[in-house]
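Heads up: the structure comes next, in C-alpha cells.
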Amino acid sequence: MVRATRSRTTGKGGRAPRRRLRTATGIQESKEAGHRDGEPQPIPLSGAHSPVQACPRREALRAEARGNGPPAARGAGRKEAGSRGAALAARRHFAARGAEGRRAPRRSLYGHLEKMTDLVAVWEVALSDGVHKIEFEHGTTSGKRVVYVDGKEEIRKEWMFKLVGKETFTVGAAKTKATINIDAVSGFAYEYTLEINGKSLKKYMENRSKTTNTWVLSLGGADYRVVLEKDTMDVWCNGQKMETAGEFVEDGTETHFSVDDHSCCIKAVSSGKRKEGIIHTLIVDDREIPETVE
C-alpha cells in the first residue's frame with residue numbers, strides 16, 4: 001500500500017513542494033531498527049574497512065595513542081601489514097626499552113669528537129723520571145680550562161669570564177712546577193705556551209741537556225731509560241730513583257747501581273777541555289752504552 005502526502009501550502013516561488021513517498025513496510029522496518037524517521041540508514045562496511053578485517057596501520061596508531069603498544073612506523077599499513085609487520089614493530093619497540101621498561105639512553109656517535117673539540121695544545125716534557133704528556137683544553141666561548149698530565153685530569157674549570165691567564169700545576173715524581181700561559185693574539189685567536197720551572201719549554205730542554213745525561217737500552221727484552229742528574233749525581237731508571245754507591249778511582253769517579261740483576265756503572269772522567277767539562281759514560285755488563293739525545 002502506498003500513501004501520498006501533499007502539503008497544503010506552496011513552496012518558495014509559488015511552486016508546490018515535492019512529494020514524499022513512504023511505504024508502510026519501510027517505515028515499520030526503520031522503527032524496528034531503532035531509527036527515527038528521516039535519519040540516514042547505516043551502510044554495512046566491507047573490504048579493507050570491514051570491522052572483521054581491520055587496517056594494521058590504524059590499529060597500530062590506536063595502540064600507540066593508548067600507550068599499550070610500540071610506536072607505529074610510517075607506511076606500516078602497507079609495508080608491514082599483517083602479523084609480520086606487527087612482530088617486527090614489537091621487536092623494534094622492546095629492543096629500545098631498558099631492563100625496567102624505560103627507553104634506553106641514546107649514545108652519541110660523535111661523543112669522542114665532542115670531547116676533543118676544545119683540545120688546543122699537547123706537549124711532551126722529558127724529565128728525570130720519564131717523558132710526560134701534557135694536554136690542555138680551552139673553550140673560547142665558555143672559558144673552560146682542563147689540564148691533563150699523562151691522561152690524568154689535574155685541573156678543571158668549567159666557566160671562566162676571563163679567557164686569558166695562566167694555569168699552574170706539577171709534573172712528575174719530583175713535583176716539577178709547570179705553567180700554561182694563555183695569551184690573546186688577534187681577535188679570537190689565542191697562543192698557548194708551557195713553562196717548566198719558570199723557563200720556556202725550549203729553553204728548559206736546552207739547559208737540561210747540559211745538566212743531565214740520558215741512555216736508552218734493552219735488557220732481557222725490556223726497555224730501560226737511565227738518566228743521570230749531573231748537579232746532584234742522582235740516577236733515575238724508568239721513573240724510579242736508584243740506590244747508588246759512588247767511589248773515587250784513578251782517572252775520576254764511578255757510580256755503581258744495578259738494573260734487573262745487571263751490573264751498571266757510570267764513569268765520570270775529565271775531558272781535559274774547559275768547554276766539554278766532565279764526560280759521563282754508562283757501562284752495563286762491561287759494555288758501553290751510547291748516549292741518547294732527547
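The values are calculated or read from the model by the stated rules, or taken from the named source; none is laboratory data. Remember, predicted model here, so these are calculated numbers, not experimental data. Virtual Cβ from ideal backbone geometry, glycine too; neighbours counted across all protein chains shown. The accessibility values were calculated without ligands, DNA or RNA, using every heavy atom of the protein model including side chains. Shrake-Rupley method; radii C 1.70, N 1.55, O 1.52, S 1.80 Å.
Which condition number in (1) touching a residue at least 60 places away in the same chain (Cβ under 8 Å); (2) farther than 16 Å from Gly130 by Cα; (3) small (Gly, Ala, Ser) is the one that Gly252 fails?
Every condition holds for Gly252 apart from (1).
Which numbered condition trips up Thr232, out of (1) part of a strand (DSSP E or B); (2) over 31 Å from the mean Cα position of the chain (by Cα)?
Result: Thr232 fails condition (1) only.
Checking the conditions here, which among Ser270, Ser258 is more than 23 Å from Gly172 (Cβ to Cβ), touching a Cys at 6+ places or on another chain (Cβ under 8 Å) and open to solvent by 50 Å² or more (accessible area, probe 1.4 Å)? Give the derivation first.
Working: Ser270 fails: touching a Cys at 6+ places or on another chain (Cβ under 8 Å).
Selected residue: Ser258, the only one of Ser270, Ser258 that is more than 23 Å from Gly172 (Cβ to Cβ), touching a Cys at 6+ places or on another chain (Cβ under 8 Å) and open to solvent by 50 Å² or more (accessible area, probe 1.4 Å).
What number of residues within region 141-169 satisfy the criterion of being open to solvent by 80 Å² or more (accessible area, probe 1.4 Å) and either under 30 Å from Gly239 (Cα atoms) or in a strand (DSSP E or B) (or both)?
Residues that pass the stated criteria total 6.
Kindly indicate the residue of region 181-201 that is in contact (Cβ under 8 Å) with a residue 60 or more places away in the chain and hydrophobic (A, V, I, L, M, F, W, C) and also most open to solvent (accessible area, probe 1.4 Å) among those meeting that condition.
Of the residues in region 181-201, the ones in contact (Cβ under 8 Å) with a residue 60 or more places away in the chain are 190, 192, 194, 196, 201.
Right, trim to hydrophobic (A, V, I, L, M, F, W, C) and you get 194, 196, 201.
Numbers: Leu194: 8, Ile196: 3, Leu201: 33 Å².
For region 181-201, the residue satisfying everything is Leu201.
Which of the residues that make up region 262-274 are assigned to a loop (DSSP other than H, G, I, E, B) and either in contact with a strand residue (DSSP E or B) (Cβ under 9 Å, 6 or more places away or on another chain) or of a type in the set (Gly, Ala, Ser) (or both)?
Looking only at region 262-274, we keep the residues that are assigned to a loop (DSSP other than H, G, I, E, B), and these are 271-274.
Within region 262-274, Ser271, Gly272 qualify.
Of the residues Glu243, Glu247, which is of a type in the set (Asp, Glu), open to solvent by 30 Å² or more (accessible area, probe 1.4 Å) and assigned to a loop (DSSP other than H, G, I, E, B)? Outline the logic, then answer.
On the way: Glu247 fails: assigned to a loop (DSSP other than H, G, I, E, B).
Residue meeting the stated conditions: Glu243.
A quick yes/no check of all residues on (1) farther than 28 Å from Glu124 by Cα; (2) more than 46 Å from the chain's Cα centre (by Cα); (3) modelled with pLDDT under 95; (4) in the same structural domain as Lys175 (by the TED database):
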| site | (1), (2), (3), (4) |
| --- | --- |
| Leu217 | no, no, yes, no |
| Gly221 | no, no, yes, no |
| Asp261 | yes, no, yes, no |
| Ile266 | no, yes, no, no |
| Ser270 | yes, yes, yes, no |
| Glu294 | no, no, yes, no |
